[in-house]
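The values are calculated or read from the model by the stated rules, or taken from the named source; none is laboratory data. Please read all numbers here as calculations on a predicted model, not as lab measurements. Positions of Cβ are backbone-derived with ideal geometry, glycine not excepted, and every protein chain shown enters the neighbour counts.
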There are 2 protein chains.
Amino acid sequence: MAHTNHRILLAARPAGIPGPEHFQADAEPARPPGPGEVLVATRYISIDPAMRSWIGAAPGYVRQVGIGEPMRAGGIAQVLESRASGLQPGDWVQGRTGWQSHPTLRGDQTQALDLSVGSIEDWAGPLGTSALTAYFGLRDVGSLRPGDTLLVSGAAGGVGQIAAQIGQIEACRVVGIAGGTDKCRYLSDTLKLDAVIDYKAEPDIAAAIRRACPEGVDVYFDNVGGPTLDAALLALRMGARIVSCGRISQAGTAEPYGIRNLSAFSGKRARMQSFLVFDYHDRYQEARAWLAYHLRAGRLRQRLHVVKGLDRAPDALAMLFTGGNTGKLVVDAWA
Amino acid sequence: MAHTNHRILLAARPAGIPGPEHFQADAEPARPPGPGEVLVATRYISIDPAMRSWIGAAPGYVRQVGIGEPMRAGGIAQVLESRASGLQPGDWVQGRTGWQSHPTLRGDQTQALDLSVGSIEDWAGPLGTSALTAYFGLRDVGSLRPGDTLLVSGAAGGVGQIAAQIGQIEACRVVGIAGGTDKCRYLSDTLKLDAVIDYKAEPDIAAAIRRACPEGVDVYFDNVGGPTLDAALLALRMGARIVSCGRISQAGTAEPYGIRNLSAFSGKRARMQSFLVFDYHDRYQEARAWLAYHLRAGRLRQRLHVVKGLDRAPDALAMLFTGGNTGKLVVDAWA
């Protein structure tokens, strides 16, 4: 059976928030797999903040996507044809599908999913890369300890909601920051965080953090940067750690926000650290075992925000940067 | 013999740079030592950036100096009368003399100086607290490694010049930033740093750092904060460490400078860390042994900038914040 590979290509580099105007769709006959390759049908495509750095004008830490190339993305897909050892038609894999419906991938660059550990939705969510980012960010980079006060921004997002729940499992007091009633209700009613701050409803974020964290913040898991980081700096306890995971508030701004409160960082034995989840590749198995254990025990929820249809991937990306998603954002290419 | 204790008291809390208008002099009869105490004659008084945080309106990490109290300071002094075991008249000690000519101190809060290790000027300089700050800041906080490119701001100052030379001893490429021809000549001609940037003569600090560090910066020892930190962020290599030691550029500013380049920090596995030298108290002996060894070997110079007369201590403090000193700034209360 001949398949058509529908693709979304990068057409222009965004200066601010990326959206449909920066992409264009095309289609080509799917390429039969060569030796060691698999032809797959992409189901869930992960939409992540890091994508902005792959397509902007300024080079980031990974190679940029070229104009006219399919947008790069991680995805979950089912094998249609295989010339790779160990992979059979019908198997589920994760790999770098990109924004493509029927890509041909190298078998050794895909990973078969063990569906006895979790469903494909779990592999897109609490067992996926966002969850690994939260795990290594908090436990290794942030040196989270029981009893800590953990502040998480972007707490209703893909990484943030896992970070918040890891904090709960580790016996921390967890305070979440998110924007809007729906997200905040999810954090307080469903995840049952100790306190929730709606930054869109709060005239003074710094005061709200002080109220929610009267003894100060031990670990700030920062997904947003900008004014929220600036406010969090004022609440740091001695020995505080800032896990510098993302700066999504700054993606659409022409002029970056100036951080003014580093004076509150000095003299506090404080640490701010950025990291790449890929550096922890050798320990993904450990992390997934931990995440799967707590998932099965019902201690780890993940709301997937599913956008239907590959052609809507550019809209989904724009939504990520305008705060439209609650939970881990994915495109369902089969819907 | 009756001594008079000349004192400089805090009279008002500075909003910007502290100076003579915030202090007033007085005199009282020196108090004879009680049991366990020593009466000393203060010689060298250390003038340090941290003093600003002890006298400003915002509480810092140590108790503030009260209005009407003698200004707090570390100093080197000679014992005049002793009722403390192990201390004899004529011994040299370091302790918290404050801005006082003849304070009475607790013997167990002073430390006898071993003049076989270094002169009293050495104890005020390359064996003093500024040098310990550079040592632990670079070796522990900054994880300095041979071959690293080390960038030091405030490189002609008390901490900075020791940090730069520790970098040389550790086989690093060392680039110093300072303001003015005299300081920069000292760094290039006397200390022989690999490159020197005069921030007062450079229209574009970021470009100057790029030229001086073409492969980027592994460790940035930050004594100044503000625009120089912002520029250094743009030059960080993967895995870079920022030792957040001081923010002296921000002491006299009404509105703190906004740091805009944290985007260059993300995704670089970069770390920024503040610290307190007092936390390393148990290891001062290790540090002093290292510093004394390299001092004797001629690998560690320290230019002392001596201001003469206790009454000029407020001027010396103002000089520190306007960049008037080259080298470790002390007041000689005997001059």
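None of A:Gly252, A:Gly258, A:Gly298 is within 14 Å of chain B (Cβ to nearest Cβ), surrounded by fewer than 20 Cβ atoms within 10 Å (Cβ to Cβ), over 30 Å from A:Leu9 (Cα atoms) and not polar (S, T, N, Q) except A:Gly258. Using the structure shown, decide if A:Ala208 is surrounded by 18 or more Cβ atoms within 10 Å (Cβ to Cβ) and away from chain B (no Cβ under 14 Å). Answer is yes for this residue. Checked against (1) surrounded by fewer than 23 Cβ atoms within 10 Å (Cβ to Cβ); (2) within 20 Å of the chain's Cα centre (by Cα); (3) within 7 Å of chain A (Cβ to nearest Cβ), B:Arg247 meets all criteria but (1).
Okay, residues lined up against (1) more than 14 Å from chain B (Cβ to nearest Cβ); (2) closer than 21 Å to A:Leu9 by Cβ:
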| residue | (1), (2) |
| --- | --- |
| A:Glu28 | yes, yes |
| A:Ala58 | no, yes |
| A:Val65 | yes, yes |
| A:Gly74 | yes, yes |
| A:Leu80 | yes, no |
| A:Pro89 | yes, no |
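When A:Asp315 is tested against the conditions (1) surrounded by fewer than 20 Cβ atoms within 10 Å (Cβ to Cβ); (2) out of contact with any Pro (no Cβ under 8 Å at 6 or more places or on another chain); (3) assigned by TED's automatic domain parsing to the domain that holds A:Pro18, the lone failure is (2). Taking segment B:222-231 as the range and being more than 9 Å from every other protein chain (Cβ to nearest Cβ), in a loop (DSSP other than H, G, I, E, B) and of a type outside the set (Val, Ile, Thr) as the test, only B:Asn223 passes. In a residue-by-residue description of segment A:121-144, the property of being outside the structural domain of A:Gly179 (by TED's automatic domain parsing), out of contact with any helix residue (DSSP H, G or I) (no Cβ under 8 Å at 6 or more places or on another chain), modelled with pLDDT of 95 or more and more than 20 Å from A:Met319 (Cβ to Cβ) applies to at least one position.
Every residue, every condition in (1) surrounded by 15 or more Cβ atoms within 10 Å (Cβ to Cβ); (2) among the aromatic types (Phe, Trp, Tyr); (3) under 30 Å from A:Lys268 (Cβ atoms), yes or no:
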| position | (1), (2), (3) |
| --- | --- |
| B:His6 | yes, no, no |
| B:Ala15 | no, no, yes |
| B:Pro18 | yes, no, yes |
| B:His22 | yes, no, yes |
| B:Ile47 | yes, no, yes |
| B:Ile67 | no, no, yes |
| B:Val79 | yes, no, no |
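Screening B:Gly137, B:Gly167, B:Gly142, B:Gly154 for residues that are within 20 Å of the chain's Cα centre (by Cα) and over 16 Å from B:Ala240 (Cα atoms) leaves exactly one candidate, B:Gly154.
Here's the yes/no breakdown for (1) touching a Phe, Trp or Tyr at 6+ places or on another chain (Cβ under 8 Å); (2) of a type in the set (Asp, Glu); (3) closer than 19 Å to B:Ile45 by Cα; (4) modelled with pLDDT under 95:
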| site | (1), (2), (3), (4) |
| --- | --- |
| B:Tyr61 | no, no, no, yes |
| B:Arg83 | no, no, no, no |
| B:Val93 | no, no, yes, no |
| B:Thr97 | no, no, yes, no |
| B:His102 | no, no, yes, no |
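If you go through segment A:289-315 and keep only what is more than 13 Å from the chain's Cα centre (by Cα) and farther than 20 Å from A:Ala171 by Cα, you end up with A:Val306, A:Val307, A:Lys308, A:Gly309, A:Leu310, A:Asp311, A:Arg312, A:Ala313, A:Pro314, A:Asp315. One residue alone among A:Arg96, A:Arg83, A:Arg43, A:Arg31 is out of contact with any Ser or Thr (no Cβ under 6 Å at 6 or more places or on another chain), basic (Lys, Arg) and farther than 25 Å from A:Phe278 by Cα, and that residue is A:Arg83. Cβ-Cβ contacts under 8 Å between residues 6 or more apart (or on different chains), taken from a first residue in segment B:1-28 that is over 19 Å from B:Leu39 (Cα atoms) to a second residue that is among the hydroxyl-bearing types (Ser, Thr, Tyr), are listed as B:Gly16/B:Thr253; B:Ile17/B:Thr322. Here A:Asn325 passes the criteria (1) within 13 Å of chain B (Cβ to nearest Cβ); (2) of a type in the set (S, T, N, Q); (3) over 16 Å from B:Ser274 (Cα atoms) except the one numbered (1). Against the numbered list (1) at the interface with chain A (Cβ under 8 Å from one of its Cβ atoms); (2) under 17 Å from A:Ala58 (Cβ atoms); (3) surrounded by fewer than 23 Cβ atoms within 10 Å (Cβ to Cβ), B:Leu234 comes up short only at (1).
Looking only at strands (runs of 3 or more DSSP E) that fall completely inside segment B:232-332, which ones have 2 or more residues that are among the small types (Gly, Ala, Ser)?
Passing ranges, in order: B:236-244.
Evaluated against (1) in contact with a strand residue (DSSP E or B) (Cβ under 6 Å, 6 or more places away or on another chain); (2) part of a loop (DSSP other than H, G, I, E, B), A:Val79 falls short on exactly one condition, (2). With respect to B:Ala264, is the statement that it is farther than 17 Å from A:Gln273 by Cα and either more than 7 Å from every other protein chain (Cβ to nearest Cβ) or free of Cβ contacts under 8 Å to residues at least 60 places away in the same chain (or both) true? The answer is no for B:Ala264.
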